[in-house]
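The values are calculated or read from the model by the stated rules, or taken from the named source; none is laboratory data. These numbers come from a predicted model, not from an experiment. Cβ coordinates were reconstructed from backbone atoms using ideal geometry, including for glycine residues, and neighbour counts include every protein chain displayed. For the accessible areas, the whole protein counts, side chains as well, though only heavy atoms, and no ligand, DNA or RNA atoms are used. Shrake-Rupley method; radii C 1.70, N 1.55, O 1.52, S 1.80 Å.
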Amino acid sequence: MESNEKQNGPMDDPKIVIIGAGIAGIAAGNKLSKEGFADFKIFEASDRIGGRIWSVVTDEEGNKAEMGANWIHGVENNPIYEIANENHLLQMRHKDKSLRSKDVFIGESGDVVGDRLVKEVDLIYGLLLTQCENFFANNMQATDDDSVGQFLQRKFAEKVDRYANGERHVRDLIFGHRKLLECCISGCDTLDEVALQDFGSYENLPGIHYTIPPGFDTILDILRKDIPKDNIVFNSPVRCINWDLGPESKYPVCVELETGEKHYANHVIVTVSLGVLKAACDRMFTPSLPTQKVQAINGLGYGIVDKVFLEFEEPIVGPDIFRLNILWDEDEPHEADLRHCWYRKIYSFEVVHERILVGWLSGKEALFMESLTEEQIGEDCVEVLKKMLKKDIPPPVRVIRTRWGTNPLTRGSYSFIKVGSSQEDVTELSKPLKSKGQPKPSVLFGGEATHPRFYSTTHGALLTGYREANRIVKMYTTAECRQPDTDEDSDDNEDNGLKMSF
């Protein structure tokens, strides 16, 4: 194409490599394609796109289980919502539950707790979470080692101190359930890991939550349509990124695959998970990453959240029940060996289809669950359900579980701001790197852990893919942006007009 035909495309034709075909990598490729950049490759270590978005068909009717990302969190200025809405994919979260409206709270021995008490504790808990968020929002100073867990424990104890014996105990059970839920939301083992000071840096988008009945992976299929088929290369794990080839090299960066195959480029967009960076950044980059970036990688939290799907031959709960919330009693004696207590991290079993329940859990218990067989998992979960429902339950006909912690391509689920780290570490992680003597950034970073307000979410990951692709687009499509980069391309600039977790 002649230069006078490139008004909406690159003035030069840079070679670009994108590492990872999760939603950040696919979004970057989508943006580059739409802007007329053709010379790029997306190297994906697995045999599919999506990364931590993974929809699996569960039955002959085409129903899907979301192994990873589950919901569109919020509507206003959410790019995932916009794509889904434009393509008629949306369904309100829980709209399909029909008569299933009962959110039941049951003790591990089968005693049901009434709605009034649950609502009372929820009100207190919601107010305390807002207080946690206010430390960041109002620039209030927390102590360096103070955590969300410690703060909640102190303040909740003050709120319920007037209750005695059983009245206090049942409120503690509900509070414990809410903490387990928050562990899955935040992606941590315990809330004692989550930094109080920056808890409010995460931004909740306004609006209701939606599911995507055809599968969350349909979002990826839509984004992928604009990317030439040959531009995505599967089963191609990366061994090393040499980002300082010297002034004599035509290209500043070389990406070497595990096969030994080398690909030279002007720019590389790295979208691997924070878990992979934690495990491999010391050997993945030559020369080593700057000290500040390594400190950010090591300092940020990155946890494991898993799901257990139980498929039964017949429904095991009534048609009105949507979720069984488990109120674990930590005062009751139980074995400390994870083999006999891992399931105590599951905070609920939710009815996703009439014969299928899903339980969520996080942290070390989730990691231990990954080491068990499906049969062991099914047996343990059925024993829990028998006690809760006070009836005999047959073994499940199938168990599906996720293994995000031991998956070498993810090494966990999503990021959070850990005690000792801050939002500044997220910003540091997102900063591009320049090779020596190069006026333009050579290595760029995307993925959910690089978004300072939407970390842990799919929309955050998608926005970072757009952000880094736009960073490259600006280098080649306007005269002023061909000047040396100033590293001032911020998420705020990229989010204008757009505003994942599992």
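I'd like to verify a number: residues in region 135-160 that are more than 30 Å from Leu338 (Cα to Cα) and at pLDDT below 95, how many?
6
Give region 387-402 a look and list any residue that's touching a strand residue (DSSP E or B) at 6+ places or on another chain (Cβ under 7 Å) and open to solvent by 80 Å² or more (accessible area, probe 1.4 Å), or say none.
Val397, Arg398
Please list, ordered by residue number, the helices (runs of 4 or more DSSP H) wholly in region 57-163 having 1 or more residues that are over 21 Å from the mean Cα position of the chain (by Cα) and crowded, with 19+ Cβ neighbours inside 10 Å.
Result: 115-137, 148-159.
Taking the criterion of being open to solvent by less than 30 Å² (accessible area, probe 1.4 Å) and outside any helix (DSSP H, G or I), would at least one residue in region 167-187 satisfy it?
So far as region 167-187 goes, yes, one or more of its residues are open to solvent by less than 30 Å² (accessible area, probe 1.4 Å) and outside any helix (DSSP H, G or I).
What number of residues in region 1-34 are crowded, with 24+ Cβ neighbours inside 10 Å and at pLDDT below 95?
Summing the residues that are crowded, with 24+ Cβ neighbours inside 10 Å and at pLDDT below 95 in region 1-34 gives 0.
Any residue that is of a type in the set (Gly, Ala, Ser), at pLDDT 95 or above and either assigned to a loop (DSSP other than H, G, I, E, B) or open to solvent by less than 50 Å² (accessible area, probe 1.4 Å) (or both) - is there at least one of those in region 340-349?
The answer is yes; a qualifying residue exists.
Among (1) in contact with an Asp or Glu (Cβ under 8 Å, 6 or more places away or on another chain); (2) under 30 Å from Lys102 (Cβ atoms); (3) open to solvent by less than 40 Å² (accessible area, probe 1.4 Å), where does Pro315 come up short?
Pro315 satisfies every listed condition except (3).
From the residues in region 419-440 that are surrounded by 20 or more Cβ atoms within 10 Å (Cβ to Cβ) and charged (D, E, K, R), which one is nearest to Thr143 (Cα to Cα)?
The residue in question is Asp425.
Can you tell me which condition Phe37 does not meet? The list is (1) within 25 Å of Gly207 (Cβ to Cβ); (2) surrounded by 15 or more Cβ atoms within 10 Å (Cβ to Cβ), and all the others hold.
Single failed check for Phe37: (1).
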